[in-house]
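Asks: Dropping a structure here in structure tokens format, bear with me for questions.
The values are calculated or read from the model by the stated rules, or taken from the named source; none is laboratory data. Computed from a prediction, not measured in an experiment: that's the story for all the values here. Cβ atoms come from the backbone with ideal geometry, glycine included; neighbour counts cover every protein chain shown.
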Amino acid sequence: MAYHLKTKIWQTGSLEWWGIIDGEDVFLGGREFPLPPEDGDRWIVRATGEAFCILDGEIRRASDAPEPEKCP
């Protein structure tokens, strides 16, 4: 799958999305993961309550974004 993201992502056989953020494997969600993922997308993982967004082709935790207000 080529989504033109800087973040390495993959989908498991359980249809869960994972990615590498800051050198660690991070659960990005299941159905809530945006397809196709595009700049400006924001979602909350139901299982963990963590919020993510995509800025400049990179998936980031919404709280860690350099400018959280730009994370819609």
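Asks: Could you tell me which residue of segment 1-21 is nearest to the chain's Cα centre (by Cα), considering only residues that are in a loop (DSSP other than H, G, I, E, B) and in contact (Cβ under 8 Å) with a residue 40 or more places away in the chain?
Replies: Thr7
Asks: To continue, here is another question. So which residues in segment 41-72 are of a type outside the set (Gly, Ala, Ser), in contact with a strand residue (DSSP E or B) (Cβ under 6 Å, 6 or more places away or on another chain) and at pLDDT below 90, if there are any at all?
Replies: Correct list: Cys71, Pro72.
Asks: Does Glu38 fit the bill of being assigned to a loop (DSSP other than H, G, I, E, B), of a type in the set (Asp, Glu), modelled with pLDDT under 95 and out of contact with any Pro (no Cβ under 6 Å at 6 or more places or on another chain)?
Replies: It is true that Glu38 is assigned to a loop (DSSP other than H, G, I, E, B), of a type in the set (Asp, Glu), modelled with pLDDT under 95 and out of contact with any Pro (no Cβ under 6 Å at 6 or more places or on another chain).
Asks: I'm trying to understand the selection: among the residues of segment 1-45, which are surrounded by 10 or more Cβ atoms within 10 Å (Cβ to Cβ) and more than 20 Å from Ser63 (Cβ to Cβ)?
Replies: Hits for segment 1-45 are Tyr3, Lys8, Trp10, Gln11, Thr12, Glu16, Gly30, Arg31, Leu35, Pro36, Glu38.
Asks: Would you please list the contacts, defined by Cβ atoms under 8 Å and residues six or more apart or on different chains, that run from a residue in segment 46-60 that is basic (Lys, Arg) to a residue that is in a loop (DSSP other than H, G, I, E, B)?
Replies: Qualifying pairs under 8 Å: Arg46/Gly30; Arg46/Glu32; Arg60/Cys71.
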